[in-house]
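Novice: What follows is a single structure, and I will ask about it in a moment.
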Amino acid sequence: LREKDRAGMYPLHIAIWNAHAEIMDFLLDLQGSYADQLVDSFNNKPIHLAAYCRASKVVKRLVVEFGCPIQDFSRENESNRIIHLAAMNGCVDTLRFLMEEAPESTASRRASVTDLNIRKENVLFSTIVLDRFDAFLYCLNRYPAGVDELDEVGYPLFWGALTWGATRITKYMFEKGLVRCNFGPDSPLDFLDAASYYHEPATAQHEGTFG
């Protein structure tokens, strides 16, 4: 249970990645709090993988039963917190747990939409990567001002939605008047030229990067 396969993953990581619910529970029962020390070859702990793979039950068990902190960055490039990974793949159940239900202590606080990743982006920016509309609405409801924030390069959320091809989020922002006149470092014409870089949002369960 504490050895990696040729791809650099532990059994628990493999079970999470392949959504084997009963095996996940079985391995967690066996490994307990030691699960938080299992780091795969991509430098991710089980809780990071579970957040991205929509395994909300695993996230809850790791936090509630075994005390895993929820503010940790994914160690792959140290780029995203657990909440950003949950938003990236649209797991509203995990988002709700991290922000509303997770136990708080002196060692760990609940997550927030205002939590920034390494690129200085709030959690709303993570929802546009795979056009996770439900997650976007949930986060927007909790932090409406987030649509006016910029990433570390100076681009607004709407520009990111255009670039990632987040169709549903882009249309919603237009319809609800959430598109501001701030075009970041580019002029409006440069901003509109971003349409040439459109691509369809990924639909596979795990497609995209999450580190």
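The values are calculated or read from the model by the stated rules, or taken from the named source; none is laboratory data. Bear in mind that the values here come from a model prediction, so they are computed numbers and not experimental data. Virtual Cβ from ideal backbone geometry, glycine too; neighbours counted across all protein chains shown. The area values use the complete protein model at the heavy-atom level, side chains included, leaving out ligands, DNA and RNA. Shrake-Rupley method; radii C 1.70, N 1.55, O 1.52, S 1.80 Å.
Novice: Sort segment 1-85 into rounded, prolate or oblate with this rule: let a ≥ b ≥ c be the square roots of the eigenvalues of the Cα gyration tensor; rounded if a/c is under 1.5, and if a/c is not under 1.5, prolate when a/b is larger than b/c, oblate otherwise. If you can, show how the numbers build up before the last one.
Specialist: Numbers: a/c = 1.45, a/b = 1.10, b/c = 1.32.
Judged from the Cα gyration tensor, segment 1-85 comes out rounded (a/c under 1.5).
Novice: In Å², what does the accessible area per residue of segment 1-69 work out to with a 1.4 Å probe? Could you put the intermediate results ahead of the total?
Specialist: Numbers: 3370 Å² over 69 residues.
Normalised by residue count, the accessible surface of segment 1-69 is 49 Å².
Novice: Still on this structure: Accessible area of segment 1-77 with a 1.4 Å probe: how many percent of it is carbon plus sulfur?
Specialist: On the way: 1850 of 3830 Å².
It is 48 percent, rounded to a whole number.
Novice: Quick one: 3J(HN,Hα) in Hz for segment 115-131, Karplus 6.51/-1.76/1.60 with θ = phi - 60°, rounded, Gly and Pro as x.
Specialist: Ordered by residue, 3J(HN,Hα) equals 4, 9, 8, 5, 8, 6, 9, 6, 5, 4, 4, 6, 5, 7, 4, 10, 6 Hz.
Novice: Still on this structure, please answer the following. Could you tell me which of L98, S79, M24 has its Cα farthest along the dipole of segment 1-141 towards the positive end, charges placed at Cβ (Lys, Arg +1; Asp, Glu -1), taken about the Cα centre?
Specialist: About the Cα centre, the residue reaching furthest to the positive side is S79.
Novice: Here is a follow-up. Multiply the residue separation of T167 and V153 by 0.36 nm, subtract the distance between their alpha-carbon atoms, and state the gained length in nm to one decimal. Working shown, then result.
Specialist: Numbers: separation 14, 0.36 × 14 = 5.04 nm, distance 2.24 nm.
Full-extension gain reported as 2.8 nm.
Novice: To make sure I understand the rule: partners must be lysines, Cα under 26 Å from the Cα of K4, and not fewer than 8 residues away in the same chain. Which ones qualify?
Specialist: K45, K57, K60
Novice: What shape does segment 73-145 have by the C-alpha gyration tensor, where a ≥ b ≥ c are the square roots of the eigenvalues, rounded means a/c under 1.5, and otherwise prolate means a/b greater than b/c and oblate the rest?
Specialist: Numbers: a/c = 1.61, a/b = 1.12, b/c = 1.44.
Oblate, because a/c is 1.5 or more while a/b does not exceed b/c.
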